[in-house]
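The values are calculated or read from the model by the stated rules, or taken from the named source; none is laboratory data. In this text, all values refer to a predicted model and were calculated from it rather than measured experimentally. Cβ: placed from backbone, ideal geometry, glycine included. Neighbour counts: every protein chain shown.
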Amino acid sequence: MSYLVGRSVETARLFALLQEARESRGGAVVVLGEAGIGKSSLLEHLAKASSGFMVMRASGAEFETELPYSSLHQLCAPVLEHLDALPAPHRTALRIAFGMETGTPDPFLAGAAALGLLVETDRPLLCLVDDAQWLDHASARALAFVARRIGAERVALVFAAREARAALEQLPQLNVERLSEAEARSVLIREMPASVDVRVRDRILAEARGNPLALVELPRTAGLSGLAGGFDLPAPRVAERSFRARLAQLSPEVRLLLTVAAAEPVGDPGLLWAAAARLGIADAAAGEVPLVEFGTRIRFIHPLARSAVYHAATAAERRRAHGALAQVS
């Protein structure tokens with residue numbers, strides 16, 4: 001397993017949470033830090049260490065914060081087959097919350113039902129919720145309910161957020177700080193050719209200010225010939241500028257495919273390709289997409305990549321993407 005530079009304390013804390021969940025002493029933690037600081041990398045590192053666990057994922061999305069229970073549905077989608085095992089009131093509450101029946105969902109019953117659904121699995125469970133600052137209110141409240149009640153379960157629940165949502169403030173927190181100068185230099189040396197002038201490397205270190213994503217994306221953003229002018233951009237904007245620069249090199253068909261992927265919250269390949277077919281996008285377009293990973297789930301390489309794709313699209317392109325997804329859902 002790869003080693004995360006400067007993250008030994010954070011890794012140890014998360015691995016301890018995982019081990020406690022193996023022993024039916026489940027728990028939750030909220031990983032906090034600025035954009036690009038490495039929260040998503042920590043979640044991915046934890047997922048790779050979770051041998052024997054079922055890993056379930058959700059990610060908050062800025063454009064879905066007004067859709068009640070959208071993030072909870074994303075997390076629970078892989079285990080909805082166990083819905084019938086729940087008591088009738090819980091089953092009904094969750095079906096209403098997920099739009100499978102009409103009515104007004106009871107928040108308490110929805111939270112209790114989500115907890116019941118998660119503990120129905122026959123393996124220990126690792127739930128990873130990225131970009132939790134953009135969870136819709138109903139999902140945040142339901143997941144906080146779950147987090148406070150898994151102390152005797154084989155469940156580890158890890159949120160990553162730039163700042164804690166009110167519903168999550170009472171949960172244990174793990175703050176991720178910027179890298180030290182020595183740690184940042186180690187990351188940059190790994191990312192850049194050895195032949196790069198030391199003065200250029202030092203300038204990038206100064207501009208990145210210990211933010212790992214900025215250390216990776218700054219050289220890609222400006223190109224080595226453009227480093228002398230400096231950047232002076234916050235790390236999230238550096239990363240988004242890099243992602244947008246890569247988008248600009250793609251064909252219109254591939255950019256539209258990425259827009260559909262960004263608009264589809266669950267990462268369901270079936271939905272993505274059905275919507276793509278509606279838009280006349282060929283399957284072969286996936287061969288040249290650099291910002292997503294195609295597998296049993298469609299995943300962007302970083303939450304900021306998804307945000308960059310969605311906001312780089314025109315309003316008309318976003319409407320086409322959402323329209324196609326609505327037709328195949």
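Only residues that are polar (S, T, N, Q) and either in a helix (DSSP H, G or I) or buried (at least 20 other Cβ atoms within 10 Å of the Cβ) (or both) were counted in segment 89-134, giving 2. Would you check if there is a residue in segment 153-168 being crowded, with 22+ Cβ neighbours inside 10 Å, over 24 Å from PRO212 (Cβ atoms) and among the charged types (D, E, K, R)? The answer is yes; a qualifying residue exists. Exactly one residue out of LEU72, LEU43 is under 13 Å from the mean Cα position of the chain (by Cα), of a type in the set (A, V, I, L, M, F, W, C), assigned by TED's automatic domain parsing to the domain that holds MET100 and closer than 30 Å to PRO105 by Cβ: that is LEU43.
Restricting attention to segment 149-165, which residues are assigned to a loop (DSSP other than H, G, I, E, B) and among the aliphatic types (A, V, I, L, M)? Before the answer, list the steps.
So in segment 149-165, the residues assigned to a loop (DSSP other than H, G, I, E, B) come out as 149-154, 162-165.
Selection gives ILE150, ALA152, ALA164.
The test for being more than 17 Å from the chain's Cα centre (by Cα) and modelled with pLDDT of 80 or more holds for GLY280. Of all residues in segment 19-40, those satisfying the criterion of being out of contact with any Pro (no Cβ under 7 Å at 6 or more places or on another chain), surrounded by fewer than 22 Cβ atoms within 10 Å (Cβ to Cβ) and within 29 Å of LEU215 (Cα to Cα) are LEU32, GLY33, GLU34. Within the bounds of segment 61-68, is there any residue that is buried (at least 20 other Cβ atoms within 10 Å of the Cβ) and among the polar types (S, T, N, Q)? Looking for residues that are buried (at least 20 other Cβ atoms within 10 Å of the Cβ) and among the polar types (S, T, N, Q), one finds none in segment 61-68, hence no.
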